[in-house]
C-alpha cells in the first residue's frame with residue numbers, strides 16, 4: 001500500500017510540475033502570437049474544446065445523465081468567469097509585464113477566501129486575515145514601484161495591475177463554481193467552460209483576418225491543445241493524487257516560471273521594490289495554501 005501511495009505521489013508531483021511549467025510559458029505564446037487578446041482566447045477555447053472533447057469521449061464522460069441541468073448551468077457560469085479571467089490576464093501582459101501580472105494574479109487565493117466567506121459561510125480566521133493583510137502590503141509595494149517614465153506608461157502600469165486583479169477575481173469565481181460542482185467530472189467541466197468561451201467570443205472574433213502564417217497558427221494550436229487540453233489533464237491528475245499541501249506548494253512553480261520566461265525572452269527585469277512586493281505576495285499565498293500559522297497567532301496550550 002505504501003509503495004502504491006509513493007508511486008501516486010511521484011506521478012502526481014511530475015504531473016503538477018509539468019502543468020505549472022506549461023502555465024508559466026503561456027505569456028510568451030500570447031505575446032508572440034501577435035493576435036488580439038480576444039482572438040487568442042477564442043482560438044484557445046476552440047482548440048482546447050476539440051482536445052477535451054476527445055479526452056472526455058475516451059473517458060466515457062459524454063453519456064447522457066453524467067451531469068445534471070443545475071450542474072450544467074453552474075459550469076457555464078464558471079466558464080464565463082474563466083474566460084473573463086483569461087481576457088483580463090492576457091491583456092495585462094502588455095501593460096505591466098508578464099512577471100508583474102502573474103505575481104498580482106496570484107492574489108486569487110485571497111479573492112476566494114472572501115467569496116467563500118460571503119457565499120459558503122467559511123470562516124476568516126486571524127491567520128487568514130494576517131496573510132491577506134501581508135498580500136495587500138505586497139500589492140502596495142508593487143503599485144509604488146510603477147515605472148518612472150511617467151505619463152501614459154505609468155497609467156498603463158496601473159491599468160495592468162487592475163486587469164491582473166480582475167483576472168484573479170474571475171478565477172476565484174470560477175473556483176467557487178468548481179466547489180459547487182464537487183463530484184462532477186473535472187474534464188467535463190473544463191469542456192463546458194471552453195465551449196462557453198467559444199460562444200462568448202465568436203461574435204468578437206474577426207474571421208475575415210485570421211492568422212496569416214504557419215507560425216501563428218502553430219502558436220494558437222499549442223495554446224489550445226497544450227496550455228488548455230493537456231494542462232487540464234495533468235492538473236486534475238495531480239490534484240487527484242497529491243495531498244493538498246503538496247499541490248499548493250508545487251503551484252508556485254507557475255509564477256516563478258513566468259518570471260524567468262519574462263526575463264529570458266523579453267529582458268524584463270524586476271525593480272527592487274517589485275521584487276520585494278512579489279516576494280511578499282508569494283509568501284502570503286504560500287502561507288494561505290499551505291496552512292502556515294505565525295507563532296504569535298498559535299493558541300497557547302492551557303497551563304495545568
Given the C-alpha atoms of region 42-193, compute the convex hull and give its volume per residue in Å³.
121
Before rounding to the nearest 500, sum -39500 (n - 2.57) across all DSSP H runs of length at least 4 in the chain and divide by the residue total; then give [θ] at 222 nm in deg cm²/dmol.
-25500 deg cm²/dmol
Residue separation times 0.36 nm, minus the C-alpha to C-alpha distance between residue 68 and residue 126: what's the value?
17.1 nm
Under the classification rounded if a/c is under 1.5, otherwise prolate if a/b is larger than b/c and oblate if not, where does region 51-120 fall, given a ≥ b ≥ c as square roots of the Cα gyration tensor eigenvalues?
oblate
In what order do 95, 245 fall by count of nearby beta-carbon atoms within 10 Å, going from fewest to most?
245, 95
Where a ≥ b ≥ c are the square roots of the eigenvalues of the C-alpha gyration tensor, would you call region 120-219 rounded, which needs a/c under 1.5, or, failing that, prolate if a/b is larger than b/c, or oblate?
oblate
Under the classification rounded if a/c is under 1.5, otherwise prolate if a/b is larger than b/c and oblate if not, where does region 199-304 fall, given a ≥ b ≥ c as square roots of the Cα gyration tensor eigenvalues?
prolate
Quick numbers on region 2-293, Rg and Dmax over C-alpha atoms in Å, give 18.9, 60
Starting from the 7 Å offset along Cα-to-Cβ, what nm value, one decimal, do you get for the label separation of residue 58 and residue 256?
3.0
Would you mind estimating how fast region 1-110 diffuses translationally, via Stokes-Einstein at 25 °C and 0.890 mPa s with the Kirkwood radius over Cα pairs, in µm²/s?
146
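Every number here is computed from the coordinates shown, using simple stated rules; none is lab data. Since this is a predicted model, take the numbers as computed values, not measurements. In this analysis, Cβ positions are derived from the backbone assuming ideal geometry, glycine residues included, and neighbour counts consider all displayed protein chains.
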